[in-house]
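**Q** Here it is, the structure, as structure tokens.
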Amino acid sequence: KAGVTQTPRYLIKTRGQQVTLSCSPISGHRSVSWYQQTPGQGLQFLFEYFSETQRNKGNFPGRFSGRQFSNSRSEMNVSTLELGDSALYLCASSGYGPIGSGANVLTFGAGSRLTVL
Amino acid sequence: AQRVTQPEKLLSVFKGAPVELKCNYSYSGSPELFWYVQYSRQRLQLLLRHISRESIKGFTADLNKGETSFHLKKPFAQEEDSAMYYCALMSFNKFYFGSGTKLNVKP
């Protein structure tokens, strides 16, 4: 079973530019969530998509957005990049099931490391 | 509001010593709790979840609802346990992660 695939793995942008990151979940997983990982802040939740709908959203500015396609692949976009956006962006997919079913486990991708100059 | 707190940023122990990584949470209902681990140059991955009541790589974690804690324990640490550990709580399909504890096991 292929894992969660994120592209690109590394990218460098300058302030003011925008960036789009892609995530392909595990086959059959309908939930995709995004996280920002930095040394100082740890893992911070960005948003979660399920069946093409944003189901949950973290406390990030509107410059951060995402979407999910009918095949469950997801993209996130950051516009007007700032230096502080430099981070590892992690995507995770999960199955869906009732509490205690064991389905609600996140499988993470390797991440996209964004550097903003 | 849901919150997960890991009070220690760094924990250093010697090989063979017991280790306990602390995790406290705030949640009004019945939580679903997890420990995730990230070894050097590897992906973040699930270590264990409380509903399974399992022991993985010698680690166990007990949910204490009275103290709202889910501490991760191992009686004898190994050098290969050195990694970043995150405690997480799931509520309505949203995961809340702690800030992580870096475990350093010294030879």
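**Q** Read phi for every residue in segment B:14-24 and hand back ³J(HN,Hα) as whole Hz from Karplus 6.51 cos²θ - 1.76 cosθ + 1.60, θ = phi - 60°, with x for Gly and Pro.
**A** Going residue by residue, I get 8, 3, x, 7, x, 9, 9, 9, 8, 8, 10 Hz, with x marking Gly and Pro.
**Q** Tell me which residues come under 5 Å, amide H to amide H, from B:K15 once H is placed; ignore anything under 5 positions away on its chain.
**A** Excluding prolines and chain starts, which carry no amide H, the hits are B:K106.
**Q** Can you tell me what share of the DSSP beta bridges in the protein assembly as shown is antiparallel? A percent to the nearest 5 is fine.
**A** Antiparallel: roughly 90 percent of the beta bridges in the protein assembly as shown.
**Q** Using amide H atoms built in the peptide plane, which far-off residues or other-chain residues are under 5 Å from B:G100 H to H?
**A** Under 5 Å from the amide H of B:G100: B:Q6, B:C87.
**Q** Okay, moving on. I need the phi-derived Karplus couplings for segment A:72-88: 6.51 cos²θ - 1.76 cosθ + 1.60, θ = phi - 60°, integer Hz, Gly and Pro marked x.
**A** Ordered by residue, 3J(HN,Hα) equals 6, 4, 10, 10, 10, 10, 10, 9, 6, 4, 10, 4, x, 7, 4, 5, 9 Hz.
**Q** Can you count the Lys pairs in the protein assembly as shown whose Cα atoms are under 16 Å apart, with each pair 8 or more apart or on different chains?
**A** 17
**Q** What do the square roots of 5 times the Cα gyration tensor eigenvalues come to for chain B, in whole Å, largest first, as semi-axes of the equivalent ellipsoid?
**A** 23, 14, 12
**Q** For segment B:36-83, what value does the Rg/Rh ratio take when both radii are computed over Cα atoms and Rh is the Kirkwood radius, given to two decimals?
**A** Details: Rg = 11.7 Å, Rh = 11.8 Å.
Result for segment B:36-83 is an Rg/Rh of 0.99.
**Q** Let me ask something additional. Rounded, prolate or oblate: which one fits the protein assembly as shown, using the alpha carbon gyration tensor with axes a ≥ b ≥ c (rounded when a/c is under 1.5, else prolate when a/b beats b/c, else oblate)? Please list the in-between numbers first.
**A** On the way: a/c = 1.83, a/b = 1.41, b/c = 1.30.
In terms of gyration-tensor shape, prolate.
**Q** Could you quote the convex hull projected area for chain A, Cα atoms only and averaged over all directions, in nm²?
**A** Average of the hull's projected areas for chain A equals 7.2 nm².
Each reported figure results from applying straightforward, stated rules to the coordinates on display, with no laboratory input. Everything quoted here is computed from the prediction, not taken from an experiment.
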